[in-house]
Amino acid sequence: MNKTDNTSSTWGGRFQEPTDAFVQRFTASAQFDQRLYKEDIAGSKAHADMLASVGILTEEEAKQIHWGLDKIAAQIESGEFSWSIELEDVHMNIEHALTHLIGDAGKKLHTGRSRNDQVATDIRLWLRTTIDDIAKEMRRLQLGIAQLALTEADTIMPGFTHLQTAQPITFGHHLLAWYEMLDRDYDRLIDCQKRVNVSPLGAAALAGTTFNIDREQTASALGFSRPSRNSLDSVSDRDFAIEFCSTAALVMTHLSRMSEELVIWASSQFNFVDIPDRFCTGSSIMPQKKNPDVPELIRGKTGRVNGHLISLLTLMKSQPLAYNKDNQEDKEPLFDTADTLFDSLRAFADMVPNVKSKPESMRAAAFQGFSTATDLADYLVRKQIPFREAHEIVGQSVAYAIEQNKDLSELSLPELSQFSQAIDKDVFDVLTLEGSVSARDHLGGTAPNQVRIQAQAAIDFLQGDTQ
C-alpha cells in the first residue's frame with residue numbers, strides 16, 4: 001500500500017509509521033468542511049485576542065495572527081489557497097498556512113483549545129448565520145403568500161377532505177393555511193437558533209484546559225449568548241444540528257404538501273391555477289406538455305432532507321462521550337439540508353406570488369359535489385331542528401338531487417320542502433356559493449371579509465418585521 005509521511009502533521013509525533021494514503025483520503029474532511037473557513041478564522045481571531053488578554057500571547061503575536069488570518073481569508077476567497085487532504089481538515093489547513101506565514105506565533109494559536117471545541121464552534125457559527133438566511137427566505141415566501149391571498153380573497157374554490165369536495169372556501173383562505181404552516185416553521189427555526197447560539201470554545205478536547213482562559217470573552221466576541229456549561233457535553237453535542245434538520249424536515253414536508261396541491265391544481269383535470277412558464281419545463285416528445293417541475297422537485301427533495309435527519313439521529317444514537325470520529329459525518333448531511341431548504345424556499349418565494357388562479361374553473365368545481373350541503377343542515381338547525389335530524393334531511397335532499405342530476409341550489413322550493421316543512425324561500429340565501437363562504441364570517445373563517453383582515457394583518461406584520 002502507498003504510505004504518506006506524517007512529518008508535516010500537527011499530531012505526527014506519536015506515530016511510528018506513516019498513514020496509509022487511502023486511509024488519509026478516507027478520513028480527511030477538508031474537501032467539504034472548507035466551507036467553514038470564515039467561521040474558523042473568526043473563531044481563531046477571537047481565541048487569539050483572548051489569549052493575549054490573559055497574557056498567553058503578546059499583543060504583537062495577536063496582531064501577527066490577525067494579519068496572517070486575513071491574508072489566508074483573502075487567498076481562499078480569490079481561489080489562490082491550496083487545500084490539502086494531507087492536512088485533514090479546514091482547521092489544520094489554515095493553521096499550517098498561518099504558521100508558514102508568521103512562524104512561531106502561528107504555532108501558539110492552538111494553546112488552550114482543541115479541534116474538538118474548534119469544529120463545534122465553527123459549525124455553530126455557520127449554522128447561526130445560515131438560519132438567518134433561511135428565515136429571511138421564509139418570511140419572503142410568507143409575504144408573497146399573504147399578498148396573493150389578499151388578491152384572491154373573493155375567489156371561490158372547493159375545499160376538500162379525502163380529496164373529495166367538502167365545502168366551498170376561498171382561494172385566499174386556502175393560501176392563508178399555507179401561511180400558518182410556515183409561521184409555525186419560522187417560530188421553530190428561531191427557537192432552534194437559541195440553542196445553536198452557545199459557545200463551546202474553550203472546552204478543549206473534553207475536559208477544559210489548564211490555562212487561565214476567559215470563555216466569556218470569546219463567547220461575547222463571537223456573538224454567542226453564553227459559553228457552554230460542561231466541557232464534556234460541549235464537544236459531544238450535536239443536538240443543535242439534529243434539531244435544525246428536524247425543523248428543516250418539517251418545513252420541507254409543508255412545502256411538499258403545497259407542491260402536491262400545486263401539481264394537482266395545475267393539471268388539466270383540475271385546471272385551477274397556471275404556474276409561470278419559467279418554473280416549468282416541456283416534454284422531449286409531447287409538445288403540448290407543461291410540467292410543473294419546480295414543485296415536483298421540491299416534493300422529491302423532501303425525502304432527501306428527511307433522510308439527512310435519520311442519518312444524524314443514527315450517527316449519534318450509540319456514541320459514547322466525548323468526541324468521536326463518527327462526528328465528522330455530521331457536516332455533509334447538515335450542509336446539504338441547509339442548502340436544499342434555502343433553495344426550496346427561494347424557488348417557492350419566487351414562484352408562488354406569480355401563480356395565476358383560474359376562477360371560472362375553481363367556481364365550477366365548487367359547484368359540484370353538493371358543497372353547500374352543510375349550509376343546508378346549519379339552516380335547518382337554526383330553524384330549531386336537531387342536528388342529527390337535519391343531517392338526515394339533507395342526506396335525503398342530496399339523494400334526490402342526484403336522481404334529478406341537479407345541485408341543491410338548483411332544486412325548487414317545493415322540491416326541497418318535501419323533505420322538511422321548515423325549509424322556506426330564504427334557504428336560497430345559504431345554498432349559493434357566495435352565501436356559503438360569506439356566512440363563515442368569524443376569526444379563522446373563509447369569508448372574504450375575514451380573509452382580507454387576516455391577509456392584511458400578515459402583510460403589515462411582515463413588512464414591519466423586515467424594515
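The values are calculated or read from the model by the stated rules, or taken from the named source; none is laboratory data. Just so we're clear, the structure is a prediction, and the values are computed from it rather than from any experiment. With ideal geometry, Cβ positions are generated from the backbone for all residues, glycine too; neighbour counts draw on all protein chains shown. Heavy atoms of the whole protein, side chains included, go into the accessibility calculation; ligands, DNA and RNA do not. Shrake-Rupley method; radii C 1.70, N 1.55, O 1.52, S 1.80 Å.
Any residue that is on the phi < 0 side of the Ramachandran plot, open to solvent by less than 80 Å² (accessible area, probe 1.4 Å), out of contact with any helix residue (DSSP H, G or I) (no Cβ under 8 Å at 6 or more places or on another chain) and assigned to a loop (DSSP other than H, G, I, E, B) - is there at least one of those in segment 410-429? Yes. Selection over segment 430-440 of residues that are over 10 Å from residue 375 (Cβ atoms) and open to solvent by less than 60 Å² (accessible area, probe 1.4 Å) gives a count of 0. Restricting the first member to segment 327-354 and to residues that are of a type in the set (A, V, I, L, M, F, W, C), and the second to residues that are in a helix (DSSP H, G or I) and open to solvent by 60 Å² or more (accessible area, probe 1.4 Å), the beta-carbon pairs closer than 7 Å and six or more apart or on different chains are 335/35; 342/133; 349/140. Within segment 349-370, the set of residues being over 15 Å from residue 265 (Cα atoms) and outside any loop (DSSP other than H, G, I, E, B) comprises 349, 350, 353, 367.
Looking across segment 385-409, the residues that are outside any helix (DSSP H, G or I) and of a type in the set (D, E, K, R) come down to 406, 407.
Every condition in (1) at pLDDT 90 or above; (2) open to solvent by 40 Å² or more (accessible area, probe 1.4 Å); (3) part of a helix (DSSP H, G or I); (4) out of contact with any Pro (no Cβ under 9 Å at 6 or more places or on another chain) is met by residue 311 except one, and the failing one is (4). Taking the criterion of being in a loop (DSSP other than H, G, I, E, B) and surrounded by fewer than 17 Cβ atoms within 10 Å (Cβ to Cβ), would at least one residue in segment 371-383 satisfy it? For segment 371-383, residues in a loop (DSSP other than H, G, I, E, B) and surrounded by fewer than 17 Cβ atoms within 10 Å (Cβ to Cβ): present.
Just checking, how many residues over segment 1-49 are more than 18 Å from residue 89 (Cβ to Cβ) and at pLDDT 95 or above? Going through segment 1-49 one residue at a time, the tally reaches 4.
If you go through segment 209-235 and keep only what is surrounded by 14 or more Cβ atoms within 10 Å (Cβ to Cβ) and of a type in the set (Ser, Thr, Tyr), you end up with 209, 218, 220, 228, 231, 234.
To keep it simple, each residue is scored yes or no on (1) open to solvent by less than 30 Å² (accessible area, probe 1.4 Å); (2) within 23 Å of the chain's Cα centre (by Cα); (3) more than 30 Å from residue 169 (Cα to Cα).
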position	(1), (2), (3)
333	yes, yes, yes
337	yes, yes, yes
343	no, yes, yes
351	yes, yes, no
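Within segment 320-331, one or more residues are at pLDDT 95 or above, of a type outside the set (Asp, Glu) and not in a loop (DSSP other than H, G, I, E, B).
State yes or no: is residue 155 modelled with pLDDT of 95 or more and open to solvent by less than 60 Å² (accessible area, probe 1.4 Å)? So residue 155 fits the description; yes. The residue of segment 177-203 that is surrounded by the fewest Cβ atoms within 10 Å (Cβ to Cβ), among those that are part of a helix (DSSP H, G or I) and among the β-branched types (Val, Ile, Thr), is 190. Can you tell me which residue in segment 158-175 is surrounded by the fewest Cβ atoms within 10 Å (Cβ to Cβ), limited to those that are aliphatic (A, V, I, L, M) and out of contact with any Ser or Thr (no Cβ under 9 Å at 6 or more places or on another chain)? Of everything passing the filter in segment 158-175, 163 is surrounded by the fewest Cβ atoms within 10 Å (Cβ to Cβ). Filtered by the rule that a residue be β-branched (Val, Ile, Thr) and within 17 Å of residue 167 (Cα to Cα), segment 376-401 gives 394, 398.
For first residues located in segment 260-273 and surrounded by 14 or more Cβ atoms within 10 Å (Cβ to Cβ), partners that are part of a strand (DSSP E or B) and charged (D, E, K, R) and lie 6+ apart or on another chain with Cβ distances below 8 Å form the pairs 266/274; 273/356.
One residue stands out in segment 357-370 among those that are of a type outside the set (Gly, Ala, Ser) and touching a residue at least 12 places away in the same chain (Cβ under 8 Å): the one that is surrounded by the most Cβ atoms within 10 Å (Cβ to Cβ), namely 362.
Within segment 384-401, restricting attention to residues that are within 46 Å of the chain's Cα centre (by Cα) and of a type in the set (D, E, K, R), which residue is farthest from residue 370 (Cα to Cα)? Ranking the candidates gives 388 first. For segment 405-458, which residues satisfy the criterion of being among the hydrophobic types (A, V, I, L, M, F, W, C), at pLDDT below 90 and in contact with a strand residue (DSSP E or B) (Cβ under 9 Å, 6 or more places away or on another chain)? The one that is among the hydrophobic types (A, V, I, L, M, F, W, C), at pLDDT below 90 and in contact with a strand residue (DSSP E or B) (Cβ under 9 Å, 6 or more places away or on another chain): 433. Being of a type in the set (Asp, Glu), within 30 Å of residue 27 (Cα to Cα) and without any contact (Cβ under 8 Å) to a residue 24 or more places away in the chain is the requirement here; does residue 293 meet it? So residue 293 fails the test.
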